[in-house]
Amino acid sequence: MSSYLTFSRDHWAELRNSTPLTLTEQELTHLRGINENINIIEVEEIYLPLIRLLQLNIEKHREKNAVLEHFLLNDAINSPFIIGIAGSVAVGKSTTARIIQTLLNQLVPDLKTDLITTDGFLYPNKLLNHKGIMHRKGFPESYDMQSLVSFIADVKSGHDAVEAPIYSHLTYDITTEKKVISKPDILIIEGLNVLQNSYDYPNKQHNRFVSDFLDFSIYVDASKKQLKEWYVARFLKLRTSAFKQKGAYFSHYTELSTAESIVKANHIWDTINGLNLEENILPTRNRANLILSKTENHSINKVSIRK
């Protein structure tokens, strides 16, 4: 028997109830990722019921904090509600995270919602090269997990002005800039491996994981074949856009022909991103509280909720 309840798109859309649509088409344009065709109908049918579910969970979380404050005679328990969003490269995690953040800010304006990606906690390229793992960028060992977990722990504990490094997809490296997270009511953390736990490291001693601090988790899913197609399509799109920008780390790919680019993108997927998916990301899928399953054109066709 499955540990999830699965809803078709139509059935899930019915759960929206009276949740209003506050997002405009113009705003949605700025939230879409490369080669993603999500439209307002998808926001109505998929994301509004999801926001309603998150609101219920957030209310419960805040009630629990209030009860604990009353019991302990301490009004300093201001632990934020933390949402984790995981999934493969090219699946559209960032778009999902941005839409959820925008809708929460619009529909629950009294609560502050911040968004962080784990990219900022990748080791700098210089250190990855020194360790000989530049080709493993995105794999768990390429992250400064101690700093990432410490960051989440400080935010969860209600610390003021917690800093996170900022990653540049243009230079493909950590920047000198910092993003300051100051006592949010809700924090969304998006990344490849946010659902990993001690079961993924049976022979190593890891004390804490990002997943230890999550109050709700979402896995954005798609078939391996579909993910590879999306990655190659995105690579071709970037080759004629972002890769041409001044200072772009991947500018050398603009010199490839279309046929050569397709071969290169397939090779990168097979040896890096697809391998990381198989070894480290996909095994965490069934730990999520909710799974968004995508089909062609990044359209979500079913939603599964852990019982």
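Anything in the range 154-169 that is closer than 24 Å to L127 by Cα and either buried (at least 16 other Cβ atoms within 10 Å of the Cβ) or acidic (D, E) (or both)? List them, or say none.
Here is the first cut: in the range 154-169, the residues closer than 24 Å to L127 by Cα are 162-169.
If the condition is that a residue be closer than 24 Å to L127 by Cα and either buried (at least 16 other Cβ atoms within 10 Å of the Cβ) or acidic (D, E) (or both), then V162, E163, A164, P165, Y167 are the ones that fit.
Please verify whether the range 199-210 includes one or more residues that are under 20 Å from the mean Cα position of the chain (by Cα), closer than 30 Å to N57 by Cβ and open to solvent by 20 Å² or more (accessible area, probe 1.4 Å). Yes, the range 199-210 contains a residue that is under 20 Å from the mean Cα position of the chain (by Cα), closer than 30 Å to N57 by Cβ and open to solvent by 20 Å² or more (accessible area, probe 1.4 Å).
Just checking, which of F243, F235, F151 is part of a helix (DSSP H, G or I), aromatic (F, W, Y) and within 28 Å of L290 (Cα to Cα)? Before the answer, list the steps.
Details: F243 fails: within 28 Å of L290 (Cα to Cα); F235 fails: within 28 Å of L290 (Cα to Cα).
On inspection, the qualifying residue turns out to be F151.
Across the range 184-221, which residue is farthest from T113 (Cα to Cα) among those that are among the aromatic types (F, W, Y) and assigned to a strand (DSSP E or B)? The qualifying residue farthest from T113 (Cα to Cα) is Y219.
Only one residue in F250, F243, F216 is of a type outside the set (S, T, Y) and closer than 30 Å to Q55 by Cα, so which one is that? Can you show your working first?
Numbers: F250 fails: closer than 30 Å to Q55 by Cα; F243 fails: closer than 30 Å to Q55 by Cα.
Sole residue among the options that is of a type outside the set (S, T, Y) and closer than 30 Å to Q55 by Cα: F216.
Looking at (1) out of contact with any strand residue (DSSP E or B) (no Cβ under 7 Å at 6 or more places or on another chain); (2) within 30 Å of S79 (Cβ to Cβ), which is the one condition that is false for S251? The single condition S251 does not satisfy is (2). Of all residues in the range 185-198, those satisfying the criterion of being of a type outside the set (G, A, S) and either crowded, with 19+ Cβ neighbours inside 10 Å or at pLDDT below 95 (or both) are I186, L187, I188, I189, E190, L192, N193, V194, L195, Q196, N197.
Condition check ((1) under 30 Å from N297 (Cα atoms); (2) charged (D, E, K, R); (3) in contact with a Ser or Thr (Cβ under 7 Å, 6 or more places away or on another chain)) across all residues:
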residue: E44; (1), (2), (3): yes, yes, no
residue: Y47; (1), (2), (3): yes, no, no
residue: V67; (1), (2), (3): no, no, no
residue: P109; (1), (2), (3): no, no, no
residue: T113; (1), (2), (3): yes, no, no
residue: N125; (1), (2), (3): no, no, no
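State yes or no: is N65 modelled with pLDDT under 95 and either open to solvent by 50 Å² or more (accessible area, probe 1.4 Å) or under 30 Å from R239 (Cβ atoms) (or both)? No; evaluated as a whole, the condition is false for this residue. One residue stands out among those in the range 270-307 that are within 20 Å of S2 (Cβ to Cβ), outside any strand (DSSP E or B) and of a type in the set (S, T, Y): the one that is least open to solvent (accessible area, probe 1.4 Å), which is T284. Residues being open to solvent by 70 Å² or more (accessible area, probe 1.4 Å) and touching a residue at least 40 places away in the same chain (Cβ under 8 Å) are represented in the range 245-260 by at least one member.
Sub-9 Å Cβ pairs linking a first residue in the range 1-30 that is under 20 Å from G92 (Cα atoms) to a second residue that is loosely packed, with under 10 Cβ neighbours inside 10 Å, at least 6 apart or interchain, number zero. The residue that is surrounded by the most Cβ atoms within 10 Å (Cβ to Cβ), counting only those in the range 170-182 that are at negative phi and not in a strand (DSSP E or B), is L170. Given the criteria within 27 Å of T175 (Cα to Cα), in contact (Cβ under 8 Å) with a residue 12 or more places away in the chain, open to solvent by 30 Å² or more (accessible area, probe 1.4 Å) and not in a loop (DSSP other than H, G, I, E, B), does D119 qualify? Here the answer is yes, as D119 does meet what is asked.
Within the range 124-143, being assigned to a loop (DSSP other than H, G, I, E, B), in contact (Cβ under 8 Å) with a residue 24 or more places away in the chain and open to solvent by 20 Å² or more (accessible area, probe 1.4 Å) holds for one residue alone: P124.
Select, from I77, I83, the only residue that is in contact with a strand residue (DSSP E or B) (Cβ under 6 Å, 6 or more places away or on another chain), open to solvent by less than 50 Å² (accessible area, probe 1.4 Å) and either free of Cβ contacts under 8 Å to residues at least 60 places away in the same chain or not in a helix (DSSP H, G or I) (or both).
On the way: I77 fails: in contact with a strand residue (DSSP E or B) (Cβ under 6 Å, 6 or more places away or on another chain).
One residue alone meets the criteria, I83.
The values are calculated or read from the model by the stated rules, or taken from the named source; none is laboratory data. The shown structure was predicted, so the numbers you read here are calculated from the model rather than taken from an experiment. All Cβ positions, glycine included, derive from the backbone under ideal geometry; neighbour counts span all protein chains shown. For the accessible areas, the whole protein counts, side chains as well, though only heavy atoms, and no ligand, DNA or RNA atoms are used. Shrake-Rupley method; radii C 1.70, N 1.55, O 1.52, S 1.80 Å.
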